[in-house]
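A short write-up of the structure that comes next.
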Amino acid sequence: MLRKIASFTVNHDTLKPGMYVSRVDGDCVTYDLRLKVPNAGDYLGQGALHTLEHLIATYVRSSPLTDEVIYFGPMGCRTGFYLILRDKVGKADALKLCLEAFAFAADFTGPIPGAKRRECGNYRGHDLPGARREAKAYVNVLKGCSEGSMEYPD
């Protein structure tokens with residue numbers, strides 16, 4: 001019998017854009033970076049999602065916290081991303097990293113990192129203007145987040 005995974009136990013009808021602690025596994029903390037309201041019909045466009053993945057993953061792995069970064073990647077539902085960090089990084093520093101990373105993406109110009117044919121499995125599937133718009137909107141969401149708001153709503 002298949003077990004229900006933790007992220008499927010979260011009531012998606014009550015989720016709003018924000019930054020949440022999704023789970024803690026040993027010394028790894030998974031953050032739910034929710035950009036869109038689930039099941040509301042407004043999802044991240046595939047090209048914008050793909051470009052944000054490249055920009056944010058490159059940024060967090062180039063930051064001073066690079067050794068604490070385990071993973072950054074998109075949710076299949078296209079409402080956000082998961083960021084997995086070592087637990088040495090506190091919530092305040094994780095939030096700061098996300099604010100910096102999404103601000104970087106909001107202002108990014110130039111070639112998208114890792115977006116050449118030999119570097120990416122869908123190198124034509126990018127949307128930098130869309131990624132910049134989504135990043136800018138999420139920066140405004142993150143500015144309203146705090147360590148105390150990182151728990152999922154009931």
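The values are calculated or read from the model by the stated rules, or taken from the named source; none is laboratory data. No experiment lies behind these values; they were computed from the predicted model shown. No Cβ is skipped: glycine too gets one built from the backbone with ideal geometry, and neighbour counts run over all protein chains shown.
If the condition is being among the hydroxyl-bearing types (S, T, Y) and in a loop (DSSP other than H, G, I, E, B), then the stretch 1-33 contributes only T14. Taking the criterion of being among the charged types (D, E, K, R) and either touching a residue at least 60 places away in the same chain (Cβ under 8 Å) or on the phi > 0 side of the Ramachandran plot (or both), the residues of the stretch 74-90 that qualify are R78, D87, K88.
Selection over the stretch 78-114 of residues that are assigned to a loop (DSSP other than H, G, I, E, B), over 16 Å from the mean Cα position of the chain (by Cα) and not β-branched (V, I, T) gives a count of 8. If the condition is being assigned to a loop (DSSP other than H, G, I, E, B) and either β-branched (V, I, T) or buried (at least 16 other Cβ atoms within 10 Å of the Cβ) (or both), then the stretch 115-138 contributes A115, C120, H126, D127.
Close contacts from the stretch 50-73, counting a first residue that is within 18 Å of H126 (Cβ to Cβ) and a second that is among the polar types (S, T, N, Q) and at pLDDT 95 or above, with Cβ to Cβ under 7 Å and a gap of 6+ residues or different chains, come to H50/N122. Among the residues making up the stretch 142-154, those that are in a helix (DSSP H, G or I) and surrounded by fewer than 17 Cβ atoms within 10 Å (Cβ to Cβ) are K143, E147, G148, S149.
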